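Report on the structure given below.
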């Protein structure tokens, strides 16, 4: 059984939060948050650093859906990102 902490928003946070990542409704992988400072929105921030400008994320429970007109490029970037994180 994992440790449970309440974060600054008063939400209960498990030992590690995990999110299913989708690009335009297509599943591409899981994002595991390993530290309290990590946030699922870091994924979109990383994509913008890679030059993808027309992109935004939407959280729905444990699903994080990334919307972009450059879906193939975004999926390629995320494939590497999710393997390395």
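The values are calculated or read from the model by the stated rules, or taken from the named source; none is laboratory data. Source: prediction; values computed, not measured. Cβ coordinates were reconstructed from backbone atoms using ideal geometry, including for glycine residues, and neighbour counts include every protein chain displayed.
Mind checking which residues of region 34-50 are under 9 Å from the mean Cα position of the chain (by Cα), surrounded by fewer than 17 Cβ atoms within 10 Å (Cβ to Cβ) and not in a loop (DSSP other than H, G, I, E, B)? Hit for region 34-50 is 42, nothing else. Pairs meeting the criteria (first residue in region 43-65 and closer than 14 Å to residue 78 by Cβ, second residue in a helix (DSSP H, G or I) and modelled with pLDDT under 95, beta carbons under 9 Å, at least 6 apart or on different chains) are 43/81; 43/82; 46/81; 47/81; 50/81. The set of residues in region 66-85 that are free of Cβ contacts under 8 Å to residues at least 40 places away in the same chain, touching a strand residue (DSSP E or B) at 6+ places or on another chain (Cβ under 9 Å), farther than 18 Å from residue 18 by Cα and buried (at least 16 other Cβ atoms within 10 Å of the Cβ) contains only 70.
Is it true that residue 47 is in contact with a strand residue (DSSP E or B) (Cβ under 6 Å, 6 or more places away or on another chain), modelled with pLDDT of 95 or more and more than 13 Å from residue 22 (Cβ to Cβ)? Spelling it out, residue 47 is indeed in contact with a strand residue (DSSP E or B) (Cβ under 6 Å, 6 or more places away or on another chain), modelled with pLDDT of 95 or more and more than 13 Å from residue 22 (Cβ to Cβ).
Criterion applied to 53, 58 was being part of a loop (DSSP other than H, G, I, E, B) and farther than 19 Å from residue 84 by Cα, and the one residue passing it is 53.
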